[in-house]
Amino acid sequence: MKKYILLILLLNFGIGIAQTEFPFYEQIAFDFYHSKIIDSFPTKKKVKVYPYVMDFHPSGNAFSYPNCLGVTWKGSGQFKKLESYVETQNNIDSERFELNFTKLNKKKFKIKKRGIGNYPRLHITAPHKEKNGTDRIFVNIHETHKDIYVTYYFEFNDKGQIINWCKGIDEIIRTY
């Protein structure tokens, strides 16, 4: 009888510590990008986008420091990934495993299932947070062209709302 009462209490009140649910930061940034930014800064060709997390996250550490958002870069250790977010995102059953393209304008974007595709390409970094304890969360969208690397920096609050954003451009110079 004690076992049944204990089991009922555990099932009613939950087992263990509840996990904090994060918003899908990459989806929010991408939705803002394709609904507002792409019209202000149009591209000559369709932008190639990737639906799955292992494809739209850039390989290596491609997180850029958002100097244009008022964050002064003091070193590479100033930002850290949201580790628990990234761990759950890599699960194929996760709600944050695949971007939703239902409202995507097919005249401006091309969905790539595999391969790297031609230019311009779009990659979205995992969310990063400042280590000094603020609630600011940052996501970068990298728009790679043949000779230009455009980065859109997004700043979120802890509820997943975009507080601020800005744009940075780097030009690729090739010497032969």
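The values are calculated or read from the model by the stated rules, or taken from the named source; none is laboratory data. Just so you know, these numbers come straight off a predicted model, no measurement behind them. Ideal geometry is used to build each Cβ from the backbone, glycine not excepted, and the neighbour counts take in all protein chains shown. For the accessible areas, the whole protein counts, side chains as well, though only heavy atoms, and no ligand, DNA or RNA atoms are used. Shrake-Rupley method; radii C 1.70, N 1.55, O 1.52, S 1.80 Å.
Working carefully through the options Lys113, Lys48, find the one that is part of a strand (DSSP E or B) and either modelled with pLDDT under 75 or farther than 29 Å from Lys131 by Cα (or both).
Working: Lys113 fails: part of a strand (DSSP E or B).
When all the criteria are applied, what remains is Lys48.
Considering only residues that are of a type outside the set (Gly, Ala, Ser) and assigned to a helix (DSSP H, G or I), which ones fall in region 33-45?
Start the filter on region 33-45 by keeping residues that are of a type outside the set (Gly, Ala, Ser), which leaves 33-34, 36-39, 41-45.
Those that are of a type outside the set (Gly, Ala, Ser) and assigned to a helix (DSSP H, G or I): Tyr33, His34, Lys36, Ile37, Ile38, Asp39.
I'd like to verify a number: residues in region 156-166 that are farther than 16 Å from Lys81 by Cβ, part of a strand (DSSP E or B) and touching a residue at least 60 places away in the same chain (Cβ under 8 Å), how many? Quick ask: steps written out before the conclusion?
Initial filter on region 156-166 (farther than 16 Å from Lys81 by Cβ): 157, 159-166.
Okay, now just the ones that are also part of a strand (DSSP E or B), so 162-166.
Okay, now just the ones that are also touching a residue at least 60 places away in the same chain (Cβ under 8 Å), so 162, 164-166.
Result for region 156-166: 4.
Mind counting the residues in region 51-83 that are outside any loop (DSSP other than H, G, I, E, B), open to solvent by less than 60 Å² (accessible area, probe 1.4 Å) and farther than 21 Å from Thr102 by Cβ?
Adding up the residues that qualify gives 4.
Residue check: is Asn100 loosely packed, with under 14 Cβ neighbours inside 10 Å, modelled with pLDDT under 85 and of a type outside the set (Gly, Ala, Ser)?
Details: loosely packed, with under 14 Cβ neighbours inside 10 Å: yes; modelled with pLDDT under 85: no; of a type outside the set (Gly, Ala, Ser): yes.
So Asn100 does not fit the description; no.
For region 156-164, does any single residue satisfy the condition of being among the basic types (Lys, Arg), out of contact with any Phe, Trp or Tyr (no Cβ under 9 Å at 6 or more places or on another chain) and open to solvent by 40 Å² or more (accessible area, probe 1.4 Å)?
First, the residues of region 156-164 that are among the basic types (Lys, Arg): 159.
So of that shortlist, the ones also out of contact with any Phe, Trp or Tyr (no Cβ under 9 Å at 6 or more places or on another chain) come out as 159.
Narrowing further to those that are open to solvent by 40 Å² or more (accessible area, probe 1.4 Å): 159.
Yes, region 156-164 contains a residue that is among the basic types (Lys, Arg), out of contact with any Phe, Trp or Tyr (no Cβ under 9 Å at 6 or more places or on another chain) and open to solvent by 40 Å² or more (accessible area, probe 1.4 Å).
Of the residues in region 113-146, how many are over 22 Å from Lys74 (Cα atoms) and open to solvent by 70 Å² or more (accessible area, probe 1.4 Å)?
Final tally of qualifying residues: 6.
Considering only region 116-155, state which residues are of a type in the set (Ser, Thr, Tyr), under 21 Å from Gln89 (Cβ atoms) and either modelled with pLDDT under 90 or assigned to a loop (DSSP other than H, G, I, E, B) (or both).
Answer for region 116-155, where residues must be of a type in the set (Ser, Thr, Tyr), under 21 Å from Gln89 (Cβ atoms) and either modelled with pLDDT under 90 or assigned to a loop (DSSP other than H, G, I, E, B) (or both): just Thr125.
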